[in-house]
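Let me begin by presenting the structure, written as structure tokens, before commenting on it.
The values are calculated or read from the model by the stated rules, or taken from the named source; none is laboratory data. Just so you know, these numbers come straight off a predicted model, no measurement behind them. Cβ placement follows ideal geometry from the backbone for every residue including glycine, while neighbour counts extend to all protein chains displayed. Surface accessibility is based on the protein's heavy atoms, side chains included, excluding ligands, DNA and RNA. Shrake-Rupley method; radii C 1.70, N 1.55, O 1.52, S 1.80 Å.
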Amino acid sequence: MSDDTAWILGIDDAGETHRLTSAELPLYIGGGPDDGVRVVGLPPAALQVGLLDGRLFILPGPGGVRPTVNDAPLTETRWLREGDRIELAGRRLDCERTDGRFLLRVAGLGSAGDTRPPDLDALAREAAASNVSGATPRAAEGETITPVAQRTRRGPAERKKRSRLLNPFAVAVWGVLAVLLVLAWFAFTAKSVRILIEPEEVETVALPGTLLKFRIGDRWLLRAGEHRVTAEFDGYHPLDETIEVGAAPDQQLRLRMDKLPGLVTVQTDPQVAGRVLLDNEPLGELPLTDVEVPAGSYTLRVEAPRFLAASEDIEVAGRGEREHVSLSLVPNWAPLTVSSRPGGATLYVDGEEVGETPGEFELEAGLRQLELRRPGYTAWREEVRIEPGEPKSLDEVQLREADGRVRVVTRPDGARVTVNGDYRGEAPLTLTLRPGRDHELVVSRSGYETARRTVSVSADSGRQLEIDLEPVFGEVRVDVQPAETEVWANGRPLGRERELRLQAVPHELEFRLDGYATQTVEVTPRPGFPQDIEVRLLTEEEAREAAIQRTVSTGLDQELRLVDVGSFRMGSPRGEQGRRSNEVQREVELTRRFYLGVREVSNAEFRRFREDHDSGRFSGESLNGDDQPVVNVSWEDAVRFLNWLSRRDGLTPAYEERNGSFELRDPVPDGYRLPTEAEWEWAARHAGRDAPVRFAWGNQLPPPDRSGNFADVSAARLLPTTLVTYNDGYPVSAPVGSFEANPAGLKDMGGNVAEWVHDRYAIPSPGDGDDALTDPTGPDTGRFRVVRGASWKHAGITELRLTYRDYSDRAREDVGFRIARYLE
């Protein structure tokens with residue numbers, strides 16, 4: 001009996017509990033004398049119990065019993081779980097768990113007080129045991145059945161003592177019983193496996209390495225697991241494979257033996273050297289004998305020089321059988337007869353020498369390049385097509401005496417060379433000329449006298465002709481201001497020379513004087529025809545001014561015009577009709593020239609920056625046409641567009657974001673920006689004019705036809721106030737640039753849409769106008785931004801005036817913008 005505190009598994013049979021410690025595991029539970037726990041009515045070694053990593057497991061014992069656990073067959077190792085019901089050989093073991101310990105309660109036959117029919121085998125085993133106590137053997141039917149006696153588990157010492165008492169006969173009996181048990185165990189656990197091998201005629205099949213096996217026809221009784229299978233059959237590679245037998249009781253496995261390759265021999269008529277291909281893969285060289293080829297269908301092809309390729313579909317049976325293939329080859333050549341006058345010329349075919357004329361030559365079929373060569377004669381060349389097996393004869397070839405060669409060298413080189421009126425190239429070059437006759441050679445080069453020579457050559461001869469060309473000159477007279485200007489020709493100083501004798505070739509004349517920009521003139525003197533050149537040097541400042549571009553374009557093809565600057569009085573005088581109090585007059589000086597957009601920015605151009613922008617509609621009329629000016633954009637939207645366009649064109653953005661608002665960089669870089677209010681008024685009222693004007697068209701109302709886009713007759717149904725005698729044809733905004741430009745070359749400065757300018761809005765005090773402002777950019781702070789110019793919504797004298805000042809802090813349907821940037 002184990003220590004009551006150390007046991008982990010108990011087995012309760014008929015009121016007697018066997019407590020087992022971990023040291024006593026694993027053991028068998030069964031009815032045999034050597035079982036660790038003996039339960040009457042069970043065969044020997046019916047169930048094995050073990051311990052792994054502190055967990056109990058069970059598995060079928062070798063006694064041949066087929067236990068079930070929870071009505072499912074137990075075929076392999078399984079963890080023991082609380083509530084398991086184990087049934088085997090008519091007995092049931094119920095698994096309980098208390099305080100972390102498992103208890104197996106034996107139920108069914110053999111429990112205390114139960115009776116059962118006599119078990120003759122058990123009685124025989126009991127009779128053979130010398131130290132068994134309790135029940136008496138039963139000899140015949142009708143005998144009184146006594147309750148099954150309780151039995152206790154024998155310890156190791158008792159079993160050892162009992163084993164010494166066994167006699168040889170008992171050992172033999174137990175040996176037979178052990179063999180029978182193993183066979184029974186094998187019979188119960190083996191799987192029926194049908195092994196099918198292709199081809200079906202295979203009979204020599206073996207399972208070397210498998211100890212327990214039994215064959216019945218094409219079926220084998222095998223244990224689950226891996227088994228090695230071998231087989232042999234004539235014409236096939238030996239089979240040696242490992243199969244996996246699973247847990248299913250009835251299985252079928254298919255194996256296939258590979259055929260030995262066939263032996264292929266290839267013969268040709270005629271017998272020639274060549275190569276053999278099988279399905280376009282090289283197989284070998286002719287002659288080909290007994291080459292191993294795997295069984296299967298193939299296309300065999302023979303390729304041999306000077307013969308057409310031959311092919312045949314073959315079937316290789318394999319299994320070491322020989323396959324003979326015979327192919328008749330068709331010649332891929334034909335004889336060609338060639339003769340020449342004079343004879344003895346060497347014939348080359350495709351660049352290779354084959355013999356001399358006259359003669360018959362075997363040439364491979366196809367397009368052939370023929371060439372005849374003979375010293376002193378010009379090579380003869382011709383292309384000939386040869387058909388297989390079709391002889392061909394060429395007409396006698398008349399060889400022509402070889403041309404003579406003349407190497408023409410001129411000083412200077414580069415002269416044009418003609419022979420008998422035909423242009424041949426530029427010297428130096430080598431000419432080929434017919435022998436035995438005179439040839440007219442003409443050499444000419446610009447700025448030199450034309451040279452003529454008569455030349456003749458011998459056949460296949462060579463010579464060199466050198467010609468020195470004589471230069472020709474022309475006269476060039478220059479009139480240059482200032483008089484102190486020096487003349488340079490092709491980088492050489494000529495001083496203050498004014499009558500120049502120059503060779504009749506292109507020259508580069510430079511006119512240089514300190515403090516003035518150098519000028520360059522290209523001239524080609526003409527002999528007999530003097531040329532006059534007048535040059536006026538510009539000062540460096542004049543030259544810089546002349547180099548300035550009056551118009552430039554953005555990367556979106558928006559044209560900007562240069563606006564010259566000056567001083568002016570900004571605002572309007574008191575008493576001017578329509579004047580507003582915010583139009584205080586101030587003296588302004590603009591010192592930096594700037595470019596200003598000829599047109600307002602259009603919807604299409606703005607959508608290149610923000611493709612989902614929609615300028616909207618007004619009273620059902622669209623403001624969103626591609627050519628209409630962009631509106632419904634805030635001052636910040638306009639600045640973001642200008643910074644984007646600057647980066648796109650490789651310029652430095654003019655605005656930077658500081659403290660949540662956009663400000664001009666200091667100094668202002670070359671990027672695009674909005675015009676300042678002063679720049680806008682200068683460009684609209686003063687630039688290009690002798691005197692400032694009140695309106696975009698002049699100084700008087702009403703506006704003449706085609707003066708601009710204002711609130712007119714066409715907008716009468718949309719707007720409360722319109723010009724009743726004016727019709728521009730556009731009820732809302734017109735396509736940008738639809739009207740004539742002002743004297744500065746700018747369009748729509750007084751109509752179409754009002755425009756954002758850079759400045760923040762403020763009302764100057766009357767005293768602010770006493771001091772002149774230089775390049776003003778407006779106040780540093782302020783909520784609103786200035787809006788300048790009239791729009792399609794305006795018809796009043798106040799708004800139509802070019803001095804009208806408006807302001808806003810949000811987008812409007814009649815406010816857009818145009819682009820500005822400094823010249824430098």
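Please enumerate the residues belonging to the range 180-203 that are within 30 Å of TYR236 (Cα to Cα) and among the hydroxyl-bearing types (Ser, Thr, Tyr). Break it down into steps so the answer makes sense when it comes.
So in the range 180-203, the residues within 30 Å of TYR236 (Cα to Cα) come out as 191-203.
Within the range 180-203, SER192 is the sole residue that qualifies.
Could you say whether any residue in the range 469-479 is assigned to a loop (DSSP other than H, G, I, E, B) and of a type in the set (Lys, Arg)? Reasoning before the result, please.
First, pick out the residues of the range 469-479 that are assigned to a loop (DSSP other than H, G, I, E, B): 469-470, 472.
Now restrict to residues that are of a type in the set (Lys, Arg): none.
Within the range 469-479, none of the residues are assigned to a loop (DSSP other than H, G, I, E, B) and of a type in the set (Lys, Arg).
Does GLY274 satisfy the condition of being open to solvent by less than 30 Å² (accessible area, probe 1.4 Å), farther than 30 Å from SER192 by Cα, without any contact (Cβ under 8 Å) to a residue 24 or more places away in the chain and within 51 Å of the chain's Cα centre (by Cα)?
On the way: open to solvent by less than 30 Å² (accessible area, probe 1.4 Å): yes; farther than 30 Å from SER192 by Cα: yes; without any contact (Cβ under 8 Å) to a residue 24 or more places away in the chain: no; within 51 Å of the chain's Cα centre (by Cα): yes.
Spelling it out, it is not the case that GLY274 is open to solvent by less than 30 Å² (accessible area, probe 1.4 Å), farther than 30 Å from SER192 by Cα, without any contact (Cβ under 8 Å) to a residue 24 or more places away in the chain and within 51 Å of the chain's Cα centre (by Cα).
GLY320: modelled with pLDDT of 90 or more, over 27 Å from PRO388 (Cα atoms) and either acidic (Asp, Glu) or assigned to a loop (DSSP other than H, G, I, E, B) (or both), yes or no? Spell out how you get there, then give the answer.
On the way: modelled with pLDDT of 90 or more: no; over 27 Å from PRO388 (Cα atoms): yes; either acidic (Asp, Glu) or assigned to a loop (DSSP other than H, G, I, E, B) (or both): yes.
When the stated conditions are applied, GLY320 does not pass them.
Identify the residue in the range 196-207 that is closer than 19 Å to LYS259 by Cα and among the hydrophobic types (A, V, I, L, M, F, W, C) and, among all such residues, is surrounded by the most Cβ atoms within 10 Å (Cβ to Cβ). Don't jump to the end; show me each part of the working.
Step one: filter the range 196-207 for residues closer than 19 Å to LYS259 by Cα, giving 196-205.
Filter again for among the hydrophobic types (A, V, I, L, M, F, W, C), leaving 196-197, 202, 205.
Details: LEU196: 12, ILE197: 22, VAL202: 18, VAL205: 17.
That would be ILE197.
In the set SER456, SER393, SER444, which member is under 30 Å from GLU360 (Cβ atoms) and more than 57 Å from the chain's Cα centre (by Cα)? If you could, list the steps in order and put the result at the bottom.
Numbers: SER456 fails: under 30 Å from GLU360 (Cβ atoms); SER444 fails: under 30 Å from GLU360 (Cβ atoms).
On inspection, the qualifying residue turns out to be SER393.
Quickly run through the range 565-608 and pick out the residues that are hydrophobic (A, V, I, L, M, F, W, C), out of contact with any Leu (no Cβ under 7 Å at 6 or more places or on another chain) and in a loop (DSSP other than H, G, I, E, B). Steps first, answer last, please.
Of all residues in the range 565-608, those hydrophobic (A, V, I, L, M, F, W, C) come to 565, 568, 570, 584, 588, 590, 594, 596, 598, 601, 604, 606.
Filter again for out of contact with any Leu (no Cβ under 7 Å at 6 or more places or on another chain), leaving 568, 570, 584, 590, 601, 604, 606.
Correct list: VAL584, LEU590, VAL601.
Working only within the range 796-819, note down all residues that are surrounded by 23 or more Cβ atoms within 10 Å (Cβ to Cβ) and of a type in the set (A, V, I, L, M, F, W, C).
LEU800, VAL815, PHE817, ILE819
Conditions (1) charged (D, E, K, R); (2) open to solvent by 40 Å² or more (accessible area, probe 1.4 Å); (3) closer than 27 Å to VAL179 by Cα; (4) within 60 Å of the chain's Cα centre (by Cα), marked per residue:
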position: ALA6; (1), (2), (3), (4): no, yes, no, no
position: ILE11; (1), (2), (3), (4): no, no, no, no
position: GLY64; (1), (2), (3), (4): no, no, yes, no
position: ALA72; (1), (2), (3), (4): no, yes, no, yes
position: THR75; (1), (2), (3), (4): no, yes, yes, yes
position: ARG81; (1), (2), (3), (4): yes, yes, no, yes
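Cβ-Cβ under 7 Å, sequence separation 6+ or interchain: first residue in the range 200-220 and under 15 Å from LEU253 (Cα atoms), partner of a type in the set (Ser, Thr, Tyr) and open to solvent by less than 80 Å² (accessible area, probe 1.4 Å). Which pairs?
From the range 200-220, the pairs are ALA206/THR230; ARG219/SER192.
Taking the range 278-294 as the region of interest, how many residues are closer than 21 Å to LEU260 by Cα and either open to solvent by less than 40 Å² (accessible area, probe 1.4 Å) or more than 44 Å from the chain's Cα centre (by Cα) (or both)? Can you show your working first?
Residues of the range 278-294 closer than 21 Å to LEU260 by Cα: 278-279, 281-284, 288-294.
Checking the rest, the ones that are also either open to solvent by less than 40 Å² (accessible area, probe 1.4 Å) or more than 44 Å from the chain's Cα centre (by Cα) (or both) come to 278, 284, 288-293.
Count: 8.
Among residues belonging to the range 704-715 that are open to solvent by 10 Å² or more (accessible area, probe 1.4 Å), in contact (Cβ under 8 Å) with a residue 12 or more places away in the chain and not hydrophobic (A, V, I, L, M, F, W, C), point out the one that is farthest from SER733 (Cα to Cα). Even if it seems obvious, please write down each step before you answer.
As a first pass, look at the range 704-715 and keep what is open to solvent by 10 Å² or more (accessible area, probe 1.4 Å): 704-707, 713-714.
The next check asks that each one be in contact (Cβ under 8 Å) with a residue 12 or more places away in the chain; those that pass are 705-707, 713-714.
With not hydrophobic (A, V, I, L, M, F, W, C) added as a condition, the list becomes 705-707, 714.
Details: ASP705: 17, ARG706: 14, SER707: 14, SER714: 12 Å.
Restricting to residues being open to solvent by 10 Å² or more (accessible area, probe 1.4 Å), in contact (Cβ under 8 Å) with a residue 12 or more places away in the chain and not hydrophobic (A, V, I, L, M, F, W, C), the top hit is ASP705.
Residue by residue, here is whether (1) in contact with a Pro (Cβ under 9 Å, 6 or more places away or on another chain); (2) within 26 Å of GLU312 (Cβ to Cβ) holds:
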position: GLY217; (1), (2): no, no
position: HIS237; (1), (2): no, no
position: THR242; (1), (2): no, no
position: VAL245; (1), (2): no, no
position: GLN251; (1), (2): no, no
position: LEU263; (1), (2): no, yes
position: GLN271; (1), (2): yes, yes
position: GLY274; (1), (2): yes, yes
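Give the residue that is nearest to GLU382 (Cα to Cα), with candidates limited to residues of the range 311-326 that are under 48 Å from the mean Cα position of the chain (by Cα) and surrounded by fewer than 17 Cβ atoms within 10 Å (Cβ to Cβ).
Of all residues in the range 311-326, those under 48 Å from the mean Cα position of the chain (by Cα) come to 311-316.
Next, from what is left, pick out any that are surrounded by fewer than 17 Cβ atoms within 10 Å (Cβ to Cβ): 311-313, 315.
Values: SER311: 34, GLU312: 38, ASP313: 41, GLU315: 47 Å.
Here the answer is SER311.
Six or more apart or on different chains, Cβ atoms under 6 Å: show the pairs whose first residue is in the range 528-550 and among the hydroxyl-bearing types (Ser, Thr, Tyr) and whose second is not in a helix (DSSP H, G or I).
Close Cβ pairs satisfying both conditions: THR539/TYR516.
Residues checked against (1) of a type outside the set (A, V, I, L, M); (2) in contact (Cβ under 8 Å) with a residue 24 or more places away in the chain:
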| site | (1), (2) |
| --- | --- |
| GLY578 | yes, yes |
| GLU583 | yes, yes |
| ASN603 | yes, yes |
| TRP635 | yes, yes |
| SER646 | yes, yes |
| ARG665 | yes, no |
| ARG673 | yes, yes |
| GLU681 | yes, yes |
| ALA684 | no, yes |
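GLN700 versus (1) open to solvent by 60 Å² or more (accessible area, probe 1.4 Å); (2) over 20 Å from GLY578 (Cα atoms): which is the lone unmet condition?
(2)
Out of the strands (runs of 3 or more DSSP E) lying entirely within the range 490-556, which hold 2 or more residues that are open to solvent by 50 Å² or more (accessible area, probe 1.4 Å) and of a type in the set (A, V, I, L, M)? If you could, list the steps in order and put the result at the bottom.
Details: elements: 492-495, 499-503, 507-512, 519-523, 531-536, 551-553.
No strands (runs of 3 or more DSSP E) qualify here.
Output the number of residues of the range 1-50 satisfying the condition of being closer than 17 Å to ASP99 by Cα, among the aliphatic types (A, V, I, L, M) and in a loop (DSSP other than H, G, I, E, B).
Residues meeting the conditions: 2.
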